[in-house]
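Accompanying notes for the structure given below.
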Amino acid sequence: MTMSLSRRQFLGTTLAATALPRMAWAAPHPLRAEPVVSQILDAGEGQTAGYGFNGSTPGPELRLRAGERLTVAFDNSLPEPTAVHWHGIRIDNAMDGVPGLTQDPVAAGDRFDYDFVTPDAGTYWYHSHHQSWEQVARGLYGALIVEEATPPDVDHDITVILDDWRLERSGALAGDFGNMHDFAHAGRLGNFAKALLPDVTVNRGQRVRLRIINTATARVFPLALEGIEGRIVALDGRPLPAPRALDEMLLAPAQRIDVIGDVTDAVRFLFPTPEEAFEMGRLNPGQDPATPRETPVTALPDAHRPRPSADARALTLRMQGGAMGGRHAGDDIWSFNGVSGLPDAPWARIDRGETARLTLVNDTAFPHGIHLHGHHFHEVNADGTTGDLRDTTLLMRGETREILVVFDNPGKWLLHCHMLGHQASGMKTWVEVA
Ligand code: C2O
Ligand code: CU
């Protein structure tokens, strides 16, 4: 195609493009899943062979602006099938990347074009949704950042990925993926945890935005920050109407937290334990202290926040099974309401625009992070008031929580535990919105 374009014309189009303030990707963004080797252990120690995108894990950070269109020419160069899911984003159902529900798996050597508009600013991520308990653990994920039309005033916008790995001494990934013991307990917990940070220098006094993403397949990360004075401004990509104090945080697998704050010292990402805090990563301050802004951290511009209707349809989702749990009627380790795995018919058929009040009951001995595709939902606070908007909600053992979902996005949407081994061994279902 480009053969007919002369060099002169080509330069002309390039210059024209750079003169525009900001454009949606004119050409599809290439994304290739492939085996990669990475330095997860400290430099000088062994390397880790796994999977990644475009030569690395995490894959490239895809960054665009709200309302823009993302086209991805996906190429599966793995020796096995896969598919890419765009976690947390309100997109066209056909692009959701769920084999068995929205597309066929992309076979080894095959391609697939993902193409969707990203309507809402926020911190999202993408990951394999095929054999995800293994492929995500091998490294098939990356950040998807959608910027506000007018982003907040910060000096650095930094993506922080929290993950853990189960490694041999050599640095190799332990090969026991998908064993029944992990599935029936908390999932594949790693023996090495780390905050993956870009190589940037921040200075004391500078204001930074941290977009923290938990990409682990099972680990619920407690997180404390040092060296920054700030506020929590968003959860799972949705702005908080009022920024919140930066206390110790908890992130279930797939959850995100955005923080904006001013650097006071080395910014340390700490995993608190009863004895002492383990440092998962840090941003060292440079030699150029800045004069801190006097302005407070304010709320991000409001985003899509559908209003739940008062006459919501009541539905109950009971998590059952697992080790030390009760018996259930499902035919695998875990179930929702006694059904394991994806049923042929949806668990619920919902009219577009209808509100549902889902009572999530954790009738098991383990925590679960329950994720709904294609929508955010309101957690209902213990006092009955409407709480945070999230796409993944964490229920500790024995806990019950109501959520309010305005099902405003048509299609077939997965509802599952984001402890990916639990999902693999039964804890998933789907709803149809028409
Ligand atoms: Cu993060 Cu069903 O996915
Ligand atoms: Cu679970």
*Mind listing the long-range amide H neighbours of G341? Cut-off is under 5 Å, sequence gap 5 or more, other chains count too, H placed in the peptide plane at 1.01 Å from N.*
F336, G426, M427, K428
*Please work out the FRET efficiency for the pair A245 and D408, using the Cβ-Cβ distance as r and a Förster radius of 45 Å; give the result to the nearest 0.05.*
0.90
_the chain - percent relative contact order, Cα under 8 Å, separation 6 or more_ = 13
_Cut-off 10 angstrom, C-alpha nodes, Gaussian network model of the chain. Which of P152, P79, P243 fluctuates the most?_
P79
*asked:* Restricting everything to alpha-carbon atoms, can you work out Rg to Rh for the range 106-253 with a Kirkwood hydrodynamic radius?
replied: 1.00
*Quick one: accessible surface of T386, probe radius 1.4 Å, all protein chains present, in square angstrom to the nearest 10.*
80
*GluC sites (Glu not before Pro) lying in DSSP loop within the range 196-250, provided at most 13 other Cβ fall within 10 Å*: E248
*Candidates per GluC sites (Glu not before Pro) in the range 251-311, loop by DSSP, up to 10 other Cβ within 10 Å*: E275, E276, E294
*asked:* What distance in nm lies between label points placed 7 Å from Cα along the C-beta direction at T71 and A299?
replied: 3.7
*Return a whole-number percent for the relative contact order of the range 370-425, with Cα pairs under 8 Å and 6 or more residues apart as the contact set.*
43
*Extension gain, A277 back to T400 (0.36 nm per residue minus Cα-Cα distance, nm)*: 41.3 nm
*What is the gain in length, in nm to one decimal, between E80 and A266 on full extension, counting 0.36 nm per residue of separation less the C-alpha to C-alpha distance?*
62.8 nm
*asked:* Kirkwood Rh and Cα-based Rg: tell me the resulting Rg over Rh for the range 313-433, rounded to two decimals.
replied: 0.94
*Once label points are set 7 Å from the Cα along Cα→Cβ at both A310 and A329, what is their separation, rounded to one decimal in nm?*
3.6
_the chain - Rg (one decimal) and Dmax (whole number), Cα, Å_ = 21.7, 72
*Which of the trypsin sites (Lys or Arg not before Pro) found in the range 276-357 are loop residues per DSSP with 15 or fewer other Cβ atoms within 10 Å of their Cβ?*
R293, R327, R352
*Where only protein heavy atoms count, and the probe is 1.4 Å, what is the accessible area per residue for the range 7-148 in Å²?*
42
_If I compute solvent accessible area with a 1.4 Å probe over the protein chains, what percent of it on the range 340-430 is carbon and sulfur?_
43
*Whole-Hz Karplus ³J(HN,Hα) for the range 76-82, in order, using 6.51 cos²θ - 1.76 cosθ + 1.60 and θ = phi - 60°, x for Gly and Pro?*
8, 9, 8, x, 8, x, 7
*Enumerate the calculated ³J(HN,Hα) couplings along the range 238-253 in order (Karplus 6.51 cos²θ - 1.76 cosθ + 1.60, θ = phi - 60°), each rounded to whole Hz, writing x wherever the residue is Gly or Pro.*
9, x, 7, x, 10, x, 10, 4, 8, 8, 4, 10, 9, 10, 6, x
*Using modelled backbone amide H atoms (1.01 Å from N, in-plane), which distant-in-sequence or interchain residues come within less than 5 Å of R188's amide H?*
G421
_Would any residue of the range 77-110 have its amide N under 19 Å from a label point 7 Å out along Cα→Cβ of R349? List them or say none._
101-102
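The values are calculated or read from the model by the stated rules, or taken from the named source; none is laboratory data. It should be emphasised that the depicted structure is a prediction, and the values quoted were computed from it without experimental measurement. Positions of Cβ are backbone-derived with ideal geometry, glycine not excepted, and every protein chain shown enters the neighbour counts. All accessible areas refer to the heavy atoms of the entire protein, side chains included, with ligands and DNA or RNA removed. Shrake-Rupley method; radii C 1.70, N 1.55, O 1.52, S 1.80 Å.
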